[in-house]
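The values are calculated or read from the model by the stated rules, or taken from the named source; none is laboratory data. Just so it is clear, the model here is predicted, and its values are computed rather than measured. So basically every Cβ, Gly included, is an ideal-geometry build from the backbone, and we count neighbours across all protein chains shown. Quick note on the areas: whole protein, heavy atoms, side chains included, nothing else; ligands and nucleic acids left out. Shrake-Rupley method; radii C 1.70, N 1.55, O 1.52, S 1.80 Å.
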Amino acid sequence: MTSWNFGEVWRSIGDLQPDCVAIEQGDRIVRWGEFSDSATRFASWLDGLGYPPQSTVALYLYNCPEYLIAFAGALLDRAIPVNTNYRYGTDELTYLFDNSDSRVVVFHGTFTDKVADVRDRVAGLEHFVFVDDGSGPCPPWAVPFETVVAHPVASLPTPTSDDLIFLYTGGTTGMPKGVMWRNDDLFARLNSGSFRKFPDDATLEELLDIIATEGPGYATLPACPLMHGTGLFTAINTLAGGGRVVLLESRHFDATELARTIDEHTVNVVVIVGDPFARPLLRTLQAQPGEFTLASAFAFLSSGAMWSEEIKAGLLAHQPNMMLVDAFSSSEALGMGSSVSTGKGTQKTARFSLGTDVRVVGDNGRDVAPGSEEVGKLMLGGRIPLGYYKDPVKSAATFQELDGRRYSVPGDMARVNGDGTIQLLGRGSQCINTAGEKVYPEEVEESLKTHPAVADACVVGVADEDFGQRIIAAVELHPGATASESDVINHVKSHLAHYKAPRAVRFVDTIGRAVNGKMDYARHQREAADWVTSLA
């Protein structure tokens, strides 16, 4: 069986098609030869620091070619790349760099002050690579990225399939956890769901023959950050197929820029995070009819947030020849399910076809029967991470054995429909227990968002003497739209059991999702509790 390492694959593709484009961002073009050469020189510089294999390199960057070059360079030196959330404050950065045992940090110039604050707090953090973004000069304690990628090429260690990639994920509570993926497992898992899928038993030589025969792969635009799994994994998978990664220039999501970039750069696959990205894009298309065609896009891929039927239908009305793939995954469990909508029809929100090696298991340890109302935990077997870095307790809680087989169990709950599809209900950690009934926030949120006035919603449980927990909804309305509390509550009651409907609604200017589209349930729960107290 073939074993894989992304760095080795990319270096070979660079040799195969040096003049083809690997990365684009605005007017900047990085061809495969430059990508491979720069990554090799980065690896040579890194190797000269003398750290042992599997030392860690933190990438503290906005989306840019340097992110992927440094990622590849770390792998070529058998180092472990570590994603860094660029929204973190000093304390969170200190925790991340310390927990990951980072030795090197590659950072954008705009983060110089934060890195300066952190550099003396973390033992072992010794080297800093400065990526110039026009925000200021390189500090004396860092080395410019241009200097690093001009380093003489040296003899490098041979990457292995067991070499690790860390993906730090914030989850819903607590400090971030470092998910440990073997290169081989991640490559195989991503390949299994790729638009350019190589045979499972293909060798590197056969992979290169396919690229040479069929030509470079498709062009992917991750509209979401590379610092999160959805953006990073789709980008590295595209490169693994010899394709082209297109990056937006703006550091804040701009739907008009996205639409323009798709057309100008002939993007084939667009990666988003559900409604927080798709809704503004649809508004832009509707507000400027005929301005953007999206003709080159054969697929939109979403993961990480709910993607509603109405938005999917609107996008397909604009470009009916593409498919919309709603992928249900997490940092710990890739490929748990998917939902595909085309011009012939859209799939219902939160309804997914189960992926390979996926089970829905009830409290009794048995698979949930299709068509029953039983709720179970989603469990993914096969190619899964090794666990969380330096956290055996949380690793044991998430990566469990059942029937002699190891599974990833990130906490997502679901029902199994009669046709074998699943209805996703959300994380068990956010489950609300009201008057003895379990209510899953995402199910209620999706019902709320089908109200014509509602743009986004968040549902939480607040302590209540009579019910145990009272369901409170935060609702963001469309610009210019109006709705009363009773309108919204009755709308949910018309779709779901009455006990699932919010008992109170607080209207907010914005739900305030994170840059990756994730919901901050902890913040909303605090705000809801304070709001309920103020009304008492």
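For segment 80-88, what does the Karplus curve 6.51 cos²θ - 1.76 cosθ + 1.60, with θ = phi - 60°, yield as ³J(HN,Hα) per residue in whole Hz, taken in order and with x for Gly and Pro?
10, x, 10, 6, 10, 5, 6, 9, 5
Would you grab the residues whose amide H sits under 5 Å from the one on ALA22? Only those 5+ places off in sequence or on another chain, please, with H modelled 1.01 Å from N.
For ALA22, the qualifying residues are VAL30, ARG31, TRP32.
What do you get for Rg/Rh of segment 202-326 when both radii come from the Cα atoms and Rh is the Kirkwood radius? Before the final figure, lay out the partial values.
Values: Rg = 14.9 Å, Rh = 15.0 Å.
Using only Cα positions, Rg/Rh for segment 202-326 is 0.99.
Along the charge dipole of the chain, Cβ charges K/R +1 and D/E -1, which of PRO502, CYS138, ILE272 sits furthest on the positive end?
It is PRO502.
Can you give me the solvent accessible area of TYR62 with a 1.4 Å probe, rounded to the nearest 10 Å²?
40
So which aspartates and glutamates can LYS449 reach, going by Cα to Cα under 12 Å and dropping same-chain residues fewer than 8 places off?
Qualifying aspartates and glutamates at Cα under 12 Å: ASP275, GLU309, GLU310, GLU476.
Provide the packing ranking of 355-368, 378-391, 299-312, i.e. peptides ordered by the mean count of other C-beta atoms within 10 Å per residue, highest first. Present the calculation step by step, with values, prior to reporting the outcome.
Numbers: 355-368: 16.3, 378-391: 20.7, 299-312: 23.0.
Answer by packing, highest mean first, reads 299-312, 378-391, 355-368.
Pick out, from MET413, GLY229, VAL153, the residue whose Cα sits farthest towards the positive end of the charge dipole of the chain, with +1 on the Cβ of Lys and Arg and -1 on the Cβ of Asp and Glu.
MET413
Below 8 Å between Cα atoms, with a sequence gap of 6+, how large is the relative contact order for the chain in percent? It would help to have the intermediate numbers written out before the result.
Numbers: 1124 pairs, mean separation 53.0, N = 536.
Rounded, it is 10 percent for the chain.
Please compute the per residue accessible area over segment 273-389 with all protein chains in place, 1.4 Å probe, rounded to a whole number of Å².
Details: 4650 Å² over 117 residues.
Computed with neighbouring chains in place, this is 40 Å² per residue.
Summarise the accessible area of segment 133-260 (1.4 Å probe, protein heavy atoms) by the percent that is carbon and sulfur. Write out the running numbers ahead of the final one.
On the way: 2630 of 4970 Å².
Of all accessible area on segment 133-260, carbon and sulfur atoms account for 53 percent.
Among the lysines, which have Cα under 26 Å from the Cα of LYS390 when same-chain residues fewer than 8 positions away are ignored?
LYS114, LYS177, LYS377, LYS518
Between helix 6-16 and the chain, what is the angle of the helix's C-alpha long axis to the longest principal axis, kept within 0 to 90° and rounded to the nearest 10?
The angle comes out near 60 degrees.
Among 234-246, 93-105, how do they line up from the highest to the lowest mean number of other beta-carbon atoms within 10 Å?
Numbers: 234-246: 25.2, 93-105: 21.8.
Descending mean neighbour count gives 234-246, 93-105.
Can you give me the long-range amide H partners of VAL454? Hydrogens built in the peptide plane at 1.01 Å from N, cutoff under 5 Å, separation of 5 or more residues or another chain.
Amide H neighbours of VAL454, under 5 Å, 5+ apart: HIS478.
For the chain, what log10 I(q)/I(0) values come out of the Debye formula at q = 0.05, 0.10 1/Å, with one point per alpha carbon and no solvent?
-0.20, -0.84
Over what distance in Å are the Cα centres of segment 265-312 and segment 160-233 separated?
23
Report relative contact order for segment 76-180 in percent, whole number only (criteria: Cα-Cα under 8 Å, sequence separation at least 6).
The normalised contact order for segment 76-180 reaches 33 percent.
Starting from the Cα gyration tensor of segment 133-217, multiply each eigenvalue by 5, take the square root, and state the resulting semi-axes largest first in whole Å.
On the way: eigenvalues 202, 115, 46 Å².
Whole-Å semi-axes of the equivalent ellipsoid: 32, 24, 15.
Using the alpha carbon gyration tensor of segment 59-213, what are the three equivalent-ellipsoid semi-axes (square root of 5 times each eigenvalue), largest first, in whole Å? Provide the component values of the computation, followed by the final result.
Values: eigenvalues 185, 80, 41 Å².
After diagonalising the Cα gyration tensor, the semi-axes are 30, 20, 14 Å.
For segment 31-98, what is the charge dipole size about the Cα centre, in debye to the nearest 20, if Lys and Arg each add +1 at the Cβ and Asp and Glu each add -1 at the Cβ?
Numbers: 4 positive and 8 negative charges, 34 e Å.
It comes to approximately 160 debye.
Helix 309-318 versus the longest principal axis of the chain: what angle, 0 to 90°, nearest 10, using Cα atoms?
60
Karplus couplings for segment 487-502 from phi (6.51 cos²θ - 1.76 cosθ + 1.60, θ = phi - 60°), rounded to Hz, Gly and Pro as x?
4, 5, 5, 5, 5, 5, 4, 6, 10, 10, 4, 4, 5, 7, 6, x
Counting only residues 5 or more places away or on other chains, whose amide H sits under 5 Å from the amide H of TYR407 once H atoms are built in the peptide plane?
Here the answer is GLN400, GLU401, LEU402, since their amide H atoms fall under 5 Å of that of TYR407.
What whole-number value in Å² describes the accessible area per residue of segment 1-127 for a 1.4 Å probe?
Details: 4390 Å² over 127 residues.
With all protein chains present, segment 1-127 gives 35 Å² per residue.
Where the only charges are on Cβ atoms (+1 Lys, Arg; -1 Asp, Glu), what is the dipole of the chain about its Cα centre, to the nearest 20 debye?
Charge dipole, the chain, about its Cα centre: 800 debye, nearest 20.
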